[in-house]
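The values are calculated or read from the model by the stated rules, or taken from the named source; none is laboratory data. For clarity, every value in this text was computed on a predicted model and none was experimentally measured. So basically every Cβ, Gly included, is an ideal-geometry build from the backbone, and we count neighbours across all protein chains shown.
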Amino acid sequence: MASGGNVHDAHDAILGAANYLHASGATQHMRRALHAYNPSHSYVDAVLRYSRRIGADPTTYFTLYNWQVFVKTPRGDRRVTGPGLP
C-alpha cells in the first residue's frame with residue numbers, strides 16, 4: 001500500500017493516512033477504516049467525537065489544535081501537542 005513519501009513530513013503523512021483510510025473503507029465505513037488504522041476502540045471513539053465537535057463548530061478545530069498537553073518524563077515535563085512542534 002506504500003506509495004513513497006516521508007512519514008516525518010506532515011504533508012506526506014496526512015496524504016498517506018488519507019490513502020490508507022480510503023483503502024480501508026472510509027467514508028462508507030468510517031469506524032471500520034479508523035479501526036484498521038489504529039485497532040483501539042478508544043481511539044476510534046475519540047476521533048469520531050472530535051470530528052463531530054469540529055463539524056458542529058469549525059472554530060473548535062483551532063481550540064483543539066492549540067491545546068497544549070504535557071507529560072512528565074524522567075527529564076522533566078515535555079509538551080507533546082500544540083503549535084510549533086516538529
message = Quick check on A17: is it closer than 20 Å to Y61 by Cα, among the small types (G, A, S) and surrounded by 12 or more Cβ atoms within 10 Å (Cβ to Cβ)?
response = yes
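Of all the residues that make up the stretch 58-86, how many are surrounded by 10 or more Cβ atoms within 10 Å (Cβ to Cβ) and not in a strand (DSSP E or B)? Full working, then the answer.
Step one: filter the stretch 58-86 for residues surrounded by 10 or more Cβ atoms within 10 Å (Cβ to Cβ), giving 60-68, 70, 78-82.
With the extra rule that they be not in a strand (DSSP E or B), the set shrinks to 60-68, 80-82.
Going through the stretch 58-86 one residue at a time, the tally reaches 12.
Take the stretch 20-44 and flag every residue that is closer than 24 Å to R79 by Cα and assigned to a helix (DSSP H, G or I).
Those that are closer than 24 Å to R79 by Cα and assigned to a helix (DSSP H, G or I): S42, Y43, V44.
Of all the residues that make up the stretch 1-14, how many are exposed (fewer than 13 other Cβ atoms within 10 Å of the Cβ) and part of a helix (DSSP H, G or I)? Before you say what the answer is, go through the steps one by one.
Restricting attention to the stretch 1-14, the residues satisfying the condition of being exposed (fewer than 13 other Cβ atoms within 10 Å of the Cβ) are 1-4, 6-11, 14.
Checking the rest, the ones that are also part of a helix (DSSP H, G or I) come to 10-11, 14.
Selection size over the stretch 1-14: 3.
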request  = Go through the stretch 29-55 and count every residue that is in contact (Cβ under 8 Å) with a residue 12 or more places away in the chain and closer than 23 Å to G4 by Cα.
outcome  = 4
inquiry  = Quick check on I14: is it within 23 Å of T81 (Cα to Cα), of a type in the set (A, V, I, L, M) and in the same structural domain as G84 (by TED's automatic domain parsing)?
reply    = no
query = Out of the stretch 20-39, which residues are surrounded by 12 or more Cβ atoms within 10 Å (Cβ to Cβ) and among the small types (G, A, S)?
reply = S24, G25, A26, A33, A36
request  = Please identify the pairs in which a residue from the stretch 57-69 that is assigned by TED's automatic domain parsing to the domain that holds G82 has its Cβ atom under 6 Å from the Cβ atom of a residue that is basic (K, R) and not in a loop (DSSP other than H, G, I, E, B), counting only partners at least 6 apart or on another chain.
outcome  = T60/R53; Q68/R79
query = For the stretch 3-28, which residues satisfy the criterion of being touching a residue at least 12 places away in the same chain (Cβ under 8 Å) and either in contact with a Phe, Trp or Tyr (Cβ under 9 Å, 6 or more places away or on another chain) or closer than 18 Å to P39 by Cβ (or both)?
reply = G16, A17, Y20, L21, A23, S24
query = Looking at (1) part of a helix (DSSP H, G or I); (2) closer than 25 Å to G84 by Cα; (3) not assigned by TED's automatic domain parsing to the domain that holds G84, can you tell me which one V47 breaks?
reply = (3)
